[in-house]
């Protein structure tokens, strides 16, 4: 509240993202997800930082959109290896070089939280740092974004080329990047992006229900919804999607529980990292929601038949948007291995 926010919770954030994706636009839901991730990264370390405090206080009044820039063109979905990026001490500030292959709202966001190797980097990729960079220092070509789906989120490449930023534009201390990843960036991204995929699943179920209860086959005197096969499709989609939703909200509630309902004051202690203990579960949340949305959009297209193939019904748009879930880093292949390897060999065995 002291910063002008609503003081809401992880559960509320997930509800809002799901609602935007279901009733509005999945691209907008993902832009909002990345904005929340950037805000969370700033809130984690805004204490005693005038620059971060100022931008957080102006978010609503000045309508400032933030985003995260963590990807790297050389390492794909292994975003925790920012090989193409670096930071070095330069006078009274930092000289930043950042190349990102994917950045939601790239070129449109007003401010960016980006991650590079730390100043003085010696080859240990757990030594990462985060920085606040403003729009004017970011190079992008947003008009070139042309994805299969999520076509409105402008997730193209960006560059920050040797830009010098003030000392207090570092978000947290040197080497804080790994802590920031595990404590806020990943938890907010995994929770809210999963809510987006669930919102897409609900949206296509809504469309299929509306279409199949209205479409009639006059030769047999039945609506499409009267066929048992269609009922099976919809029933399974509802059950699987509600299971994914329950998982998302269960873990969002767990995040609320360990943070005293998302109380940012606990992070005055730099070693207070309660969300990190839930990361293993949040990987599972993302995997299930991303897997489910692909299955549900396919089956609801089948339920709607040829009409669903037309853009007017909008199932094809949701189908394309939902495909992003599986391939968005950490990809589902990576998450599946993380969970299996950590369970069998211990969390310390992960190259993360």
Residue within region 295-316 that is within 19 Å of the chain's Cα centre (by Cα) and modelled with pLDDT of 95 or more present: no
Verdict on residue 275 being within 22 Å of the chain's Cα centre (by Cα), surrounded by fewer than 21 Cβ atoms within 10 Å (Cβ to Cβ) and touching a residue at least 60 places away in the same chain (Cβ under 8 Å): no
So residue 123, is it without any contact (Cβ under 8 Å) to a residue 24 or more places away in the chain and either in contact with a strand residue (DSSP E or B) (Cβ under 9 Å, 6 or more places away or on another chain) or under 15 Å from residue 85 (Cβ atoms) (or both): yes
Pair list, Cβ < 7 Å and 6+ apart or interchain, from region 251-269 residues that are free of Cβ contacts under 8 Å to residues at least 24 places away in the same chain to residues that are surrounded by 18 or more Cβ atoms within 10 Å (Cβ to Cβ) and in a loop (DSSP other than H, G, I, E, B): 266/259
Out of 149, 172, 156, 106, sole residue that is touching a helix residue (DSSP H, G or I) at 6+ places or on another chain (Cβ under 9 Å), surrounded by 18 or more Cβ atoms within 10 Å (Cβ to Cβ) and on the phi > 0 side of the Ramachandran plot: 172
Single residue of 307, 297 found to be touching a helix residue (DSSP H, G or I) at 6+ places or on another chain (Cβ under 8 Å), part of a helix (DSSP H, G or I), closer than 13 Å to residue 199 by Cα and touching a residue at least 60 places away in the same chain (Cβ under 8 Å): 297
Selection from region 310-333 of residues that are more than 19 Å from residue 192 (Cβ to Cβ) and in contact (Cβ under 8 Å) with a residue 40 or more places away in the chain: 313, 314, 315, 317, 319, 320
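The values are calculated or read from the model by the stated rules, or taken from the named source; none is laboratory data. What you are looking at is a predicted structure, and each value in this text was computed from that prediction instead of being measured. No Cβ is skipped: glycine too gets one built from the backbone with ideal geometry, and neighbour counts run over all protein chains shown.
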